[in-house]
Amino acid sequence: MSQKTALITGITGQDGAYLAQLLLSQGYHVCGLVPRRSTSEVNLVRLEWLGITKEVELVDGDLLDLSGLVRIVQRIQPDEVFNLGAQSFVKTSWDQPILTGQVSGLGAVNVLEALRLIKPDARYYQASTSEMYGLIQEPLQSEKTPFYPRSPYAAAKLYAHWMTVNYRESFDMYACSGILFNHESPLRGLEFVTRKVTDGVARIKKGLETELRLGNIDAKRDWGHARDYVKAMWLMLQQDQADDYVIATGRTTTVRDMCRIAFDYAGLNMEEHLVIDPAFFRPAEVDILLGDASKARAQLGWEAETSLEDMIKEMVEADLERLS
């Protein structure tokens, strides 16, 4: 059997790095799309953390450049394409709604169109998000729950999600979406609340800071480990039929309790260091998310393997190591 080739957009992000590691372990040739910017080098820190930088082929390209994507698909001839690239920070999407729509929404369609024109038999994965549920219409969110996006990011992702469905149904392409609930890891960016917490706790533990400033700590999220969740992405493209799946733990926890896990693990008193800052509140909050992944368990044989407690401890340990 010939070696499979996978193209990952967003390979330098948290999910892209873990997915690349997984695919390499499965014997794939892994190519990663990286947008070049004149003001900075490509950030390879996550690939370096996993020790796989030299094992992947990095390809210059941008989700906004359809002609470039067409040439890349023509040259690489990927068997599987994982579109993880996006402007994925919710708070920034209110400041940059047009850019977010172009990258996170239209960018996905550019990839789909390049595949339709050049490699229609390739299998395509779209990174959808639980943020699309927003103002939740059901207490437990499944593939059948109506969407109600509450941010420009969520709205852009919803457009990409439905366009994936449209390409599957209109052009008979193998195109599927994973509606992933929050998933974190030591590779998470510092702008995301879990990593902000574990980095802050590590800094306080090391005596570098005295306080951690957060916004709405009563919001509830369904948190899993990115390492578990990228396995679900891969499993979706190994099925006979393309479909969409919710990926979640089925457990929701407040930001407050997540913080407490981190502070307790470091032997610190949360009440002495945590400060609520109105500057970090969202214009429109998503109060609670809780996913129903029963379809993924039944059809993919997937389930989350890492508990929230173990994940937070792993993240705190990693941040302590970085600061050392």
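The values are calculated or read from the model by the stated rules, or taken from the named source; none is laboratory data. Model, not experiment: these values are computed from the prediction. When we count neighbours, we look across all protein chains shown, and the Cβ atoms used for this are built from the backbone with ideal geometry, even at glycine.
The single condition among (1) farther than 23 Å from Gly301 by Cβ; (2) touching a helix residue (DSSP H, G or I) at 6+ places or on another chain (Cβ under 8 Å); (3) surrounded by fewer than 19 Cβ atoms within 10 Å (Cβ to Cβ) that Arg251 does not meet is (1). The set of residues from region 194-227 being of a type in the set (Lys, Arg), out of contact with any strand residue (DSSP E or B) (no Cβ under 9 Å at 6 or more places or on another chain) and not in a helix (DSSP H, G or I) comprises just one member, Lys206.
Of the residues that make up region 40-49, is at least one in contact (Cβ under 8 Å) with a residue 40 or more places away in the chain, surrounded by 14 or more Cβ atoms within 10 Å (Cβ to Cβ) and in contact with a Gly (Cβ under 8 Å, 6 or more places away or on another chain)? Checked region 40-49: at least one residue is in contact (Cβ under 8 Å) with a residue 40 or more places away in the chain, surrounded by 14 or more Cβ atoms within 10 Å (Cβ to Cβ) and in contact with a Gly (Cβ under 8 Å, 6 or more places away or on another chain).
Of all the numbered requirements in (1) hydrophobic (A, V, I, L, M, F, W, C); (2) surrounded by fewer than 20 Cβ atoms within 10 Å (Cβ to Cβ); (3) part of a loop (DSSP other than H, G, I, E, B), Ala304 misses one, and that requirement is (2). Answer yes if at least one residue in region 113-125 is modelled with pLDDT of 95 or more, closer than 17 Å to Leu7 by Cβ and hydroxyl-bearing (Ser, Thr, Tyr), and no otherwise. Checked against the condition, which is being modelled with pLDDT of 95 or more, closer than 17 Å to Leu7 by Cβ and hydroxyl-bearing (Ser, Thr, Tyr), region 113-125 yields at least one hit. Scanning region 121-136 for residues that are touching a helix residue (DSSP H, G or I) at 6+ places or on another chain (Cβ under 8 Å) and either β-branched (Val, Ile, Thr) or without any contact (Cβ under 8 Å) to a residue 24 or more places away in the chain (or both) returns a single hit, Thr129. For region 59-110, a residue qualifies if it is of a type in the set (S, T, N, Q) and within 21 Å of Ser128 (Cα to Cα), and the qualifying residues are Asn83, Gln87, Ser88, Thr92, Ser93, Gln96, Thr100, Gln102, Ser104, Asn110. Pairing each residue of region 283-312 that is without any contact (Cβ under 8 Å) to a residue 12 or more places away in the chain with any residue that is part of a loop (DSSP other than H, G, I, E, B) and surrounded by 14 or more Cβ atoms within 10 Å (Cβ to Cβ), provided the two are 6+ apart or on different chains, yields C-beta distances under 6 Å for Arg297/Glu303.
Every residue, every condition in (1) at pLDDT below 95; (2) closer than 24 Å to Tyr124 by Cβ; (3) surrounded by fewer than 16 Cβ atoms within 10 Å (Cβ to Cβ); (4) outside the structural domain of Ile179 (by TED's automatic domain parsing), yes or no:
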position: Thr198; (1), (2), (3), (4): no, no, no, yes
position: Tyr229; (1), (2), (3), (4): no, yes, no, no
position: Trp234; (1), (2), (3), (4): no, yes, no, no
position: Cys259; (1), (2), (3), (4): no, no, no, yes
position: Asn269; (1), (2), (3), (4): no, no, yes, yes
position: Ala279; (1), (2), (3), (4): yes, no, yes, yes
position: Glu285; (1), (2), (3), (4): yes, no, yes, yes
